[in-house]
Amino acid sequence: MIEASRLKKVYGSASEGVHAVDGVSFDIAPGELFVIMGLSGSGKSTLLRMLNRLVEPTGGELRIDGRDVLKMGDADLRDLRNRKINMIFQHFALFPHRTVRENSAYGMRVRGVAEAERLERADWALKTVGLGDRGDAYPDQLSGGQRQRVGLARALATDAEILLMDEPFSALDPLIRRDMQDLLLKLQRDLRRTIVFVTHDLNEAMRLGDRIMVMRNGRVVQLGTATDILHKPSCRYVRDFVSDVDRSRVLTASTIMREPLLTARVSDDPREVLRKLSNIEAGGVFVLEDDGRIAGVAHDELLARAAAEKCTSLRECLTDDYEQTGPDTLLVDLCRQVGRHAVPLAVTDDDGKLRGVVPRAALLTALSDARTTDSSDTPKEAAHV
Ligand code: ADP
Ligand code: MG
(Lines give C-alpha, C1' and ligand atoms only; values in the text may rest on other atoms or scores of the structure.)
(Ligands and ions follow the chains in the order given, each with its own letter.)
Protein backbone atom coordinates (compact mmCIF):
# COMPACT_ATOMS: atom_id res chain seq x y z
CA MET A 1 0.00 0.00 0.00
CA ILE A 2 2.81 2.41 0.89
CA GLU A 3 6.30 2.08 -0.56
CA ALA A 4 8.87 4.58 0.65
CA SER A 5 12.40 4.54 -0.61
CA ARG A 6 15.28 6.66 0.72
CA LEU A 7 12.87 9.39 1.82
CA LYS A 8 14.70 12.45 2.95
CA LYS A 9 13.86 15.84 4.43
CA VAL A 10 16.28 18.68 5.04
CA TYR A 11 14.78 21.79 6.62
CA GLY A 12 16.68 24.87 5.47
CA SER A 13 19.65 24.78 3.14
CA ALA A 14 21.34 21.52 2.17
CA SER A 15 24.63 22.47 3.81
CA GLU A 16 23.42 24.04 7.05
CA GLY A 17 19.91 22.64 7.32
CA VAL A 18 18.42 20.13 9.74
CA HIS A 19 18.49 16.59 8.35
CA ALA A 20 15.18 15.63 9.94
CA VAL A 21 14.69 12.44 7.92
CA ASP A 22 17.80 10.99 6.39
CA GLY A 23 17.13 8.27 3.80
CA VAL A 24 14.36 6.11 5.20
CA SER A 25 12.91 3.12 3.33
CA PHE A 26 9.99 0.86 4.23
CA ASP A 27 6.95 -0.88 2.74
CA ILE A 28 3.58 -1.07 4.44
CA ALA A 29 1.08 -3.79 3.50
CA PRO A 30 -2.66 -3.14 3.12
CA GLY A 31 -4.38 -3.60 6.49
CA GLU A 32 -1.14 -3.35 8.45
CA LEU A 33 -0.84 -1.34 11.65
CA PHE A 34 2.65 0.09 11.23
CA VAL A 35 4.20 2.00 14.13
CA ILE A 36 6.93 4.63 13.86
CA MET A 37 8.61 4.93 17.26
CA GLY A 38 11.38 7.21 18.46
CA LEU A 39 12.27 9.97 20.89
CA SER A 40 11.16 13.54 20.34
CA GLY A 41 13.11 15.09 17.47
CA SER A 42 13.90 11.78 15.76
CA GLY A 43 11.91 12.76 12.66
CA LYS A 44 8.66 10.84 13.15
CA SER A 45 6.24 13.68 12.42
CA THR A 46 8.28 14.86 9.46
CA LEU A 47 8.25 11.35 8.01
CA LEU A 48 4.51 10.92 8.59
CA ARG A 49 3.72 14.26 6.95
CA MET A 50 5.77 13.41 3.91
CA LEU A 51 3.39 10.50 3.25
CA ASN A 52 0.65 12.92 2.20
CA ARG A 53 3.11 15.68 1.26
CA LEU A 54 2.07 18.05 4.00
CA VAL A 55 5.85 18.19 4.22
CA GLU A 56 7.54 18.18 0.82
CA PRO A 57 10.34 15.55 0.68
CA THR A 58 13.81 16.74 -0.26
CA GLY A 59 14.55 13.42 -1.89
CA GLY A 60 13.56 9.80 -2.30
CA GLU A 61 10.58 8.00 -3.74
CA LEU A 62 7.07 7.39 -2.48
CA ARG A 63 4.33 5.25 -3.95
CA ILE A 64 0.86 4.79 -2.55
CA ASP A 65 -1.25 2.05 -4.10
CA GLY A 66 1.26 1.95 -6.93
CA ARG A 67 1.01 5.65 -7.74
CA ASP A 68 4.00 7.95 -7.62
CA VAL A 69 3.00 10.51 -4.99
CA LEU A 70 5.93 12.85 -5.56
CA LYS A 71 4.90 13.35 -9.19
CA MET A 72 1.26 14.12 -8.43
CA GLY A 73 -0.21 17.44 -9.53
CA ASP A 74 -2.44 19.58 -7.32
CA ALA A 75 -5.71 17.88 -8.26
CA ASP A 76 -4.40 14.34 -7.64
CA LEU A 77 -2.80 15.43 -4.42
CA ARG A 78 -6.01 16.99 -3.17
CA ASP A 79 -7.81 13.79 -4.02
CA LEU A 80 -5.21 11.73 -2.16
CA ARG A 81 -5.60 13.85 0.98
CA ASN A 82 -9.38 14.01 0.84
CA ARG A 83 -10.23 10.45 -0.07
CA LYS A 84 -7.41 8.04 0.36
CA ILE A 85 -5.64 9.29 3.46
CA ASN A 86 -6.88 10.73 6.72
CA MET A 87 -4.73 12.21 9.43
CA ILE A 88 -5.32 12.32 13.20
CA PHE A 89 -3.18 14.59 15.35
CA GLN A 90 -2.35 14.63 19.05
CA HIS A 91 -4.12 17.95 19.48
CA PHE A 92 -6.71 18.16 16.82
CA ALA A 93 -9.41 20.78 16.81
CA LEU A 94 -13.11 20.24 17.17
CA PHE A 95 -15.44 23.04 16.12
CA PRO A 96 -16.82 24.31 19.42
CA HIS A 97 -20.14 25.53 18.00
CA ARG A 98 -20.93 22.34 16.15
CA THR A 99 -22.31 19.16 17.67
CA VAL A 100 -20.28 16.02 18.08
CA ARG A 101 -22.19 14.48 15.16
CA GLU A 102 -21.42 17.45 12.90
CA ASN A 103 -17.81 17.37 13.98
CA SER A 104 -17.41 13.72 13.16
CA ALA A 105 -19.14 14.24 9.80
CA TYR A 106 -16.71 17.02 8.95
CA GLY A 107 -14.14 14.91 7.11
CA MET A 108 -16.75 13.98 4.52
CA ARG A 109 -17.70 17.59 3.82
CA VAL A 110 -14.61 18.18 1.77
CA ARG A 111 -15.46 15.12 -0.27
CA GLY A 112 -18.89 16.39 -1.28
CA VAL A 113 -20.93 13.60 0.32
CA ALA A 114 -24.63 14.50 0.66
CA GLU A 115 -25.73 15.81 4.05
CA ALA A 116 -28.01 12.90 4.98
CA GLU A 117 -25.39 10.30 4.17
CA ARG A 118 -22.76 12.28 6.05
CA LEU A 119 -24.79 12.33 9.24
CA GLU A 120 -25.68 8.67 8.89
CA ARG A 121 -22.04 7.65 8.53
CA ALA A 122 -21.08 9.98 11.39
CA ASP A 123 -23.61 8.23 13.63
CA TRP A 124 -22.21 4.85 12.65
CA ALA A 125 -18.66 6.03 13.39
CA LEU A 126 -19.68 7.51 16.76
CA LYS A 127 -21.35 4.26 17.70
CA THR A 128 -18.24 2.37 16.66
CA VAL A 129 -16.06 4.40 19.02
CA GLY A 130 -18.56 4.09 21.87
CA LEU A 131 -20.08 7.59 21.65
CA GLY A 132 -23.36 6.59 20.05
CA ASP A 133 -25.38 8.56 22.58
CA ARG A 134 -23.30 11.78 22.46
CA GLY A 135 -24.01 12.93 18.90
CA ASP A 136 -26.03 15.93 20.06
CA ALA A 137 -23.52 17.07 22.68
CA TYR A 138 -21.04 19.90 22.12
CA PRO A 139 -17.27 19.37 22.40
CA ASP A 140 -16.94 21.22 25.73
CA GLN A 141 -19.35 18.70 27.26
CA LEU A 142 -16.92 15.86 26.55
CA SER A 143 -13.88 14.61 28.46
CA GLY A 144 -10.42 14.58 26.86
CA GLY A 145 -10.70 10.88 26.06
CA GLN A 146 -14.13 11.35 24.52
CA ARG A 147 -12.87 14.19 22.34
CA GLN A 148 -10.08 12.00 21.07
CA ARG A 149 -12.70 9.38 20.22
CA VAL A 150 -14.47 11.98 18.11
CA GLY A 151 -11.20 12.41 16.23
CA LEU A 152 -11.10 8.67 15.63
CA ALA A 153 -14.76 8.71 14.57
CA ARG A 154 -14.09 11.55 12.16
CA ALA A 155 -11.32 9.55 10.52
CA LEU A 156 -13.41 6.38 10.37
CA ALA A 157 -16.45 8.12 8.93
CA THR A 158 -14.53 9.05 5.78
CA ASP A 159 -13.74 5.64 4.40
CA ALA A 160 -10.11 6.61 3.87
CA GLU A 161 -8.05 3.48 3.35
CA ILE A 162 -5.03 4.93 5.10
CA LEU A 163 -5.00 6.57 8.54
CA LEU A 164 -1.97 8.56 9.63
CA MET A 165 -1.95 9.03 13.40
CA ASP A 166 0.60 11.34 15.02
CA GLU A 167 0.80 10.57 18.76
CA PRO A 168 -3.01 10.56 18.96
CA PHE A 169 -3.11 9.25 22.54
CA SER A 170 -0.07 10.97 24.03
CA ALA A 171 -2.03 13.72 25.76
CA LEU A 172 -4.39 11.27 27.49
CA ASP A 173 -3.91 9.95 30.99
CA PRO A 174 -2.68 6.34 31.22
CA LEU A 175 -5.99 4.58 31.89
CA ILE A 176 -7.88 6.33 29.10
CA ARG A 177 -4.90 5.74 26.90
CA ARG A 178 -5.12 1.98 27.48
CA ASP A 179 -8.83 2.14 26.61
CA MET A 180 -8.08 3.96 23.38
CA GLN A 181 -5.40 1.43 22.46
CA ASP A 182 -7.87 -1.40 23.07
CA LEU A 183 -10.46 0.41 20.99
CA LEU A 184 -8.05 0.94 18.13
CA LEU A 185 -7.04 -2.75 18.14
CA LYS A 186 -10.66 -3.83 18.23
CA LEU A 187 -11.63 -1.48 15.40
CA GLN A 188 -8.66 -2.56 13.36
CA ARG A 189 -9.63 -6.23 13.63
CA ASP A 190 -12.93 -5.42 11.93
CA LEU A 191 -12.03 -2.54 9.64
CA ARG A 192 -8.53 -3.45 8.51
CA ARG A 193 -7.46 0.01 7.41
CA THR A 194 -3.82 0.67 6.72
CA ILE A 195 -2.60 2.63 9.74
CA VAL A 196 0.67 4.48 10.27
CA PHE A 197 0.86 5.27 13.96
CA VAL A 198 3.52 7.51 15.51
CA THR A 199 4.46 7.26 19.18
CA HIS A 200 7.43 7.93 21.45
CA ASP A 201 6.32 5.16 23.83
CA LEU A 202 7.73 1.69 23.16
CA ASN A 203 5.06 0.01 25.31
CA GLU A 204 2.39 1.57 23.13
CA ALA A 205 4.32 0.67 19.99
CA MET A 206 4.64 -2.97 21.02
CA ARG A 207 1.04 -3.23 22.07
CA LEU A 208 -0.32 -1.85 18.79
CA GLY A 209 2.14 -2.50 16.03
CA ASP A 210 2.13 -5.38 13.59
CA ARG A 211 5.59 -4.03 12.90
CA ILE A 212 7.55 -1.25 14.52
CA MET A 213 10.10 1.02 12.93
CA VAL A 214 12.45 2.50 15.53
CA MET A 215 13.98 5.85 14.53
CA ARG A 216 16.91 7.79 15.83
CA ASN A 217 18.20 11.09 14.44
CA GLY A 218 16.24 10.74 11.23
CA ARG A 219 17.34 7.18 10.52
CA VAL A 220 15.89 3.74 11.04
CA VAL A 221 17.73 1.72 13.69
CA GLN A 222 15.40 -1.29 13.61
CA LEU A 223 12.30 -2.47 11.79
CA GLY A 224 10.54 -5.60 13.00
CA THR A 225 7.80 -7.16 15.08
CA ALA A 226 7.52 -6.55 18.83
CA THR A 227 9.06 -9.97 19.41
CA ASP A 228 11.98 -9.23 17.09
CA ILE A 229 12.68 -6.02 18.95
CA LEU A 230 12.40 -7.59 22.40
CA HIS A 231 14.53 -10.60 21.62
CA LYS A 232 16.91 -9.26 19.00
CA PRO A 233 17.45 -5.55 19.62
CA SER A 234 19.67 -4.33 16.78
CA CYS A 235 21.88 -2.16 18.95
CA ARG A 236 22.45 -0.87 22.44
CA TYR A 237 20.13 2.07 21.79
CA VAL A 238 17.17 -0.22 21.15
CA ARG A 239 18.18 -2.54 23.96
CA ASP A 240 18.05 0.34 26.43
CA PHE A 241 14.53 1.11 25.31
CA VAL A 242 13.54 -2.53 25.60
CA SER A 243 14.71 -2.72 29.19
CA ASP A 244 11.95 -0.25 30.13
CA VAL A 245 9.20 -2.27 28.48
CA ASP A 246 6.62 -4.03 30.62
CA ARG A 247 7.02 -7.43 28.98
CA SER A 248 4.01 -8.90 30.76
CA ARG A 249 1.73 -6.47 28.94
CA VAL A 250 3.38 -6.77 25.55
CA LEU A 251 4.23 -10.44 25.03
CA THR A 252 1.52 -12.98 24.33
CA ALA A 253 1.23 -16.73 24.87
CA SER A 254 2.08 -17.48 21.24
CA THR A 255 5.37 -15.58 21.49
CA ILE A 256 6.70 -17.72 24.37
CA MET A 257 5.03 -21.11 23.88
CA ARG A 258 7.12 -24.20 23.13
CA GLU A 259 6.68 -27.60 21.58
CA PRO A 260 5.53 -29.99 24.29
CA LEU A 261 8.28 -32.47 25.26
CA LEU A 262 5.83 -35.32 24.92
CA THR A 263 2.26 -35.82 23.74
CA ALA A 264 0.27 -39.03 23.41
CA ARG A 265 -2.54 -40.18 21.10
CA VAL A 266 -5.76 -41.68 22.41
CA SER A 267 -4.86 -44.89 20.58
CA ASP A 268 -1.53 -45.26 22.43
CA ASP A 269 -0.93 -48.01 24.98
CA PRO A 270 -1.00 -46.73 28.61
CA ARG A 271 2.10 -48.76 29.55
CA GLU A 272 4.09 -47.27 26.70
CA VAL A 273 2.97 -43.74 27.63
CA LEU A 274 3.91 -44.34 31.27
CA ARG A 275 7.38 -45.47 30.25
CA LYS A 276 7.97 -42.37 28.09
CA LEU A 277 6.61 -40.18 30.85
CA SER A 278 9.06 -41.54 33.40
CA ASN A 279 11.91 -40.92 30.95
CA ILE A 280 11.21 -37.20 30.93
CA GLU A 281 10.40 -37.16 34.65
CA ALA A 282 7.00 -35.55 34.15
CA GLY A 283 3.81 -36.28 36.07
CA GLY A 284 1.33 -35.97 33.22
CA VAL A 285 0.96 -35.74 29.47
CA PHE A 286 -1.49 -34.20 27.01
CA VAL A 287 -3.41 -36.83 25.08
CA LEU A 288 -4.58 -35.74 21.64
CA GLU A 289 -7.36 -36.83 19.34
CA ASP A 290 -6.26 -37.78 15.83
CA ASP A 291 -7.07 -34.27 14.58
CA GLY A 292 -4.84 -32.60 17.19
CA ARG A 293 -7.52 -31.47 19.64
CA ILE A 294 -6.86 -32.15 23.32
CA ALA A 295 -8.71 -35.23 24.58
CA GLY A 296 -7.42 -34.78 28.13
CA VAL A 297 -4.44 -35.27 30.39
CA ALA A 298 -3.10 -38.66 31.53
CA HIS A 299 -1.41 -38.67 34.97
CA ASP A 300 1.32 -41.12 35.89
CA GLU A 301 -0.69 -42.48 38.81
CA LEU A 302 -3.75 -43.35 36.70
CA LEU A 303 -1.49 -44.74 33.99
CA ALA A 304 0.26 -47.00 36.50
CA ARG A 305 -3.07 -48.28 37.78
CA ALA A 306 -4.30 -48.91 34.24
CA ALA A 307 -1.10 -50.75 33.43
CA ALA A 308 -1.44 -52.92 36.54
CA GLU A 309 -5.01 -53.78 35.61
CA LYS A 310 -3.91 -54.57 32.06
CA CYS A 311 -6.20 -51.86 30.72
CA THR A 312 -5.20 -50.99 27.16
CA SER A 313 -7.36 -47.91 26.57
CA LEU A 314 -5.71 -44.60 27.23
CA ARG A 315 -9.11 -42.90 27.04
CA GLU A 316 -10.01 -44.45 30.42
CA CYS A 317 -7.06 -42.72 32.07
CA LEU A 318 -7.97 -39.18 31.00
CA THR A 319 -8.64 -36.26 33.33
CA ASP A 320 -9.42 -32.65 32.55
CA ASP A 321 -6.79 -31.52 35.01
CA TYR A 322 -5.19 -28.79 32.85
CA GLU A 323 -5.75 -25.23 31.74
CA GLN A 324 -5.72 -23.74 28.29
CA THR A 325 -5.56 -20.30 26.76
CA GLY A 326 -5.59 -18.63 23.34
CA PRO A 327 -2.44 -17.56 21.49
CA ASP A 328 -3.15 -13.81 21.99
CA THR A 329 -3.44 -13.81 25.79
CA LEU A 330 -1.03 -11.36 27.44
CA LEU A 331 1.52 -12.81 29.84
CA VAL A 332 0.09 -10.74 32.69
CA ASP A 333 -3.11 -12.75 32.29
CA LEU A 334 -1.30 -16.10 32.12
CA CYS A 335 0.28 -15.86 35.55
CA ARG A 336 -2.82 -17.12 37.32
CA GLN A 337 -3.08 -20.19 35.11
CA VAL A 338 0.50 -21.39 35.06
CA GLY A 339 2.13 -23.84 37.48
CA ARG A 340 -0.91 -25.36 39.18
CA HIS A 341 -1.06 -28.60 37.24
CA ALA A 342 1.14 -31.56 36.36
CA VAL A 343 1.20 -30.40 32.74
CA PRO A 344 2.13 -26.96 31.43
CA LEU A 345 -0.47 -24.47 30.27
CA ALA A 346 -1.89 -25.48 26.87
CA VAL A 347 -2.08 -22.90 24.08
CA THR A 348 -4.92 -23.83 21.77
CA ASP A 349 -6.43 -22.54 18.54
CA ASP A 350 -10.07 -21.52 18.24
CA ASP A 351 -10.85 -25.11 17.21
CA GLY A 352 -9.21 -26.58 20.33
CA LYS A 353 -6.05 -27.90 18.66
CA LEU A 354 -2.90 -27.85 20.75
CA ARG A 355 -0.46 -25.31 19.31
CA GLY A 356 2.11 -25.31 22.09
CA VAL A 357 2.62 -25.21 25.83
CA VAL A 358 3.82 -22.62 28.33
CA PRO A 359 5.84 -24.23 31.13
CA ARG A 360 6.18 -22.15 34.27
CA ALA A 361 9.90 -21.66 33.72
CA ALA A 362 9.27 -20.27 30.23
CA LEU A 363 6.88 -17.70 31.64
CA LEU A 364 9.32 -16.66 34.35
CA THR A 365 12.15 -16.40 31.83
CA ALA A 366 10.07 -14.26 29.50
CA LEU A 367 9.07 -11.92 32.31
CA SER A 368 12.61 -11.35 33.50
CA ASP A 369 14.76 -8.62 31.97
CA ALA A 370 16.23 -9.24 28.51
CA ARG A 371 19.63 -8.09 29.68
CA THR A 372 19.96 -10.81 32.29
CA THR A 373 18.61 -13.59 30.06
CA ASP A 374 20.46 -12.68 26.87
CA SER A 375 23.52 -14.93 26.83
CA SER A 376 25.07 -13.36 23.73
CA ASP A 377 25.85 -10.06 25.36
CA THR A 378 28.25 -8.87 22.71
CA PRO A 379 27.71 -5.41 21.20
CA LYS A 380 25.84 -5.66 17.91
CA GLU A 381 25.82 -1.98 17.28
CA ALA A 382 28.22 -1.51 14.39
CA ALA A 383 26.48 -3.82 11.96
CA HIS A 384 23.08 -2.18 12.11
CA VAL A 385 23.30 1.52 12.83
P1 ADP B 1 9.50 14.07 16.08
O2 ADP B 1 8.11 14.07 15.53
O3 ADP B 1 10.12 12.71 16.12
O4 ADP B 1 9.58 14.74 17.40
P5 ADP B 1 10.11 16.02 14.04
O6 ADP B 1 9.87 15.41 12.70
O7 ADP B 1 9.06 16.93 14.56
O8 ADP B 1 10.45 14.87 15.08
O9 ADP B 1 11.46 16.82 14.01
C10 ADP B 1 12.68 16.28 13.50
C11 ADP B 1 13.74 17.37 13.45
O12 ADP B 1 13.38 18.34 12.50
C13 ADP B 1 13.90 18.11 14.76
O14 ADP B 1 15.25 18.42 14.92
C15 ADP B 1 13.08 19.36 14.57
O16 ADP B 1 13.58 20.42 15.33
C17 ADP B 1 13.26 19.62 13.08
N18 ADP B 1 12.09 20.29 12.49
C19 ADP B 1 10.83 19.84 12.49
N20 ADP B 1 10.00 20.67 11.83
C21 ADP B 1 10.79 21.70 11.38
C22 ADP B 1 10.54 22.88 10.60
N23 ADP B 1 9.31 23.18 10.15
N24 ADP B 1 11.60 23.69 10.34
C25 ADP B 1 12.83 23.40 10.78
N26 ADP B 1 13.14 22.29 11.50
C27 ADP B 1 12.13 21.45 11.80
MG1 MG C 1 6.29 14.67 16.43
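Under a GNM of the chain (C-alpha, springs under 10 Å), which listed residue has the highest mean-square fluctuation: Glu309, Glu161, Glu102?
Glu309
So which residue, out of Val343, Val100, Val113, gets the largest mean-square fluctuation from a GNM of the chain using Cα contacts under 10 Å as springs?
Between Val343, Val100, Val113, it is Val113 that shows the largest mean-square fluctuation.
Report the Cα centroid-to-centroid distance between region 189-258 and region 296-342 in angstrom, as an integer.
Going from one Cα centre to the other spans 35 Å.
Please report the carbon-and-sulfur percent of the accessible area for region 31-99; probe 1.4 Å, protein heavy atoms only, DNA, RNA and ligands left out.
47 percent
Suppose all protein chains stay in the model; what accessible area per residue would a 1.4 Å probe give for the chain, in Å²?
Each residue of the chain exposes 49 Å² on average to a 1.4 Å probe.
The values are calculated or read from the model by the stated rules, or taken from the named source; none is laboratory data. Computed from a prediction, not measured in an experiment: that's the story for all the values here. Surface areas here come from the heavy atoms of the whole protein model, side chains and all, with no ligands, DNA or RNA. Shrake-Rupley method; radii C 1.70, N 1.55, O 1.52, S 1.80 Å.
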